[in-house]
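The values are calculated or read from the model by the stated rules, or taken from the named source; none is laboratory data. Model, not experiment: these values are computed from the prediction. Neighbour counts are summed over all protein chains in view; Cβ atoms, including those assigned to glycine, are modelled from backbone coordinates with ideal geometry. All accessible areas refer to the heavy atoms of the entire protein, side chains included, with ligands and DNA or RNA removed. Shrake-Rupley method; radii C 1.70, N 1.55, O 1.52, S 1.80 Å.
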Amino acid sequence: MIVVYSPAYVVDIGLHVFPTRKYQLVHDRLLGDGVIQPGDVVEPQPAEWDDLALVHTSEYLTKLRSGTMRVEDLAQLELPWSPEIVAGFRRMVGGTITAARIACGVNTPRNVVCHIGGGLHHAFPNHGEGFCPFNDVAIAVRVLQRAGIERAAIVDLDVHHGNGTAFIFESDPRVFTFSMHQQHNYPMWKPRGSLDIGLPDGTHDATYLAELERALPTVVAHQPQCVFYLAGADPYEDDQLGGLRLTKAGLLQRDRMVFEAARAAGVPLVVTLAGGYARRVEDTVAIHAATIAEARLRA
Ligand SMILES: [Zn+2]
């Protein structure tokens, strides 16, 4: 199985609830557990600015490039600015593009390709927010569309609504956006996606999995040529930014259901990690690593 990853994802954002070191920890754990071998890992190039411009406005990209973000911009992004941070996230977008090309390319499509990164679903065309400077999945969809792969579906199971993604594809019927999230949580404004399921606070495994089981056939019915999965670790019961109550076993069952739905439909799947802010970073790492280990069984 191919996994996409770069050490450049670990960037210094100061004291922060978002542990950027989780990417390296997941990578190291997968290697240590023998789930992946060094030869399985593909290191991506940074996304081209022209590719970023398939989704983002030139005004916004100029601000990011030149370091002329205003105080309000940075407050909304909830990240500091540095050349290293911009470079790290550009490379992470490159990672999702690379995974999408490998998984869904016209030549030799694969069942599943995992990206140890990505899932930056809060970024809008003209601004970044919620730790997301660029919308990697939306950019990868646009790159695929440019190559003639038009129909895509996005299964966003981060605890937070995929607001930027929903907004970007609001008027593109070729792209099905599904988000299942905690309703009373960030972001306040949730632009309508193709299918949105807002769950009450404290939702447990059984209800969550029943809702997912009901929703997945609708995603498949869209007949996507490529499915992107945002396997957020933040629906976990001990997450600092999430208010759902999923166990690790429940999250793994969630992953299996998504993998099985894509496999049964014969659609290639691109897995991205998205959020994860457990009190103990080891829990976030264990949840992400379990997602990729399960994907390997399906590859
Ligand atoms: Zn999240």
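G117 fails exactly one of the following numbered conditions: (1) over 18 Å from the mean Cα position of the chain (by Cα); (2) open to solvent by less than 10 Å² (accessible area, probe 1.4 Å). What is the number of that condition?
So G117 meets the others, but not (1).
P224 - would you say it is over 15 Å from H121 (Cβ atoms), in a loop (DSSP other than H, G, I, E, B) and open to solvent by less than 20 Å² (accessible area, probe 1.4 Å)?
yes
Please work out which residue is most open to solvent (accessible area, probe 1.4 Å), limiting yourself to the range 135-184 and to residues that are of a type in the set (F, W, Y) and more than 16 Å from the ligand (Cβ to nearest atom).
F167
Which pairs turn up if I take residues in the range 155-173 that are more than 16 Å from L199 (Cβ to Cβ) and aliphatic (A, V, I, L, M) and look for partners that are within 14 Å of the ligand (Cβ to nearest atom) and not in a loop (DSSP other than H, G, I, E, B) with beta carbon separation below 8 Å, at least 6 apart in sequence or on another chain?
If the second residue must be within 14 Å of the ligand (Cβ to nearest atom) and not in a loop (DSSP other than H, G, I, E, B), the pairs left are A166/S179.
Would you check which residues across the range 2-55 are among the polar types (S, T, N, Q) and touching a Gly at 6+ places or on another chain (Cβ under 9 Å) and list them?
Passing the criteria: S6, T20, Q45.
For residues that are open to solvent by 60 Å² or more (accessible area, probe 1.4 Å), in contact (Cβ under 8 Å) with a residue 40 or more places away in the chain and either within 16 Å of R142 (Cα to Cα) or in a helix (DSSP H, G or I) (or both), tally how many sit in the range 67-90.
Residues in the range 67-90 being open to solvent by 60 Å² or more (accessible area, probe 1.4 Å), in contact (Cβ under 8 Å) with a residue 40 or more places away in the chain and either within 16 Å of R142 (Cα to Cα) or in a helix (DSSP H, G or I) (or both): 2 in total.
Looking only at residues that are touching a His at 6+ places or on another chain (Cβ under 8 Å) and open to solvent by less than 10 Å² (accessible area, probe 1.4 Å) in the range 245-257, which one is nearest to the ligand (Cβ to nearest atom)?
Filtering first and then ranking leaves L246.
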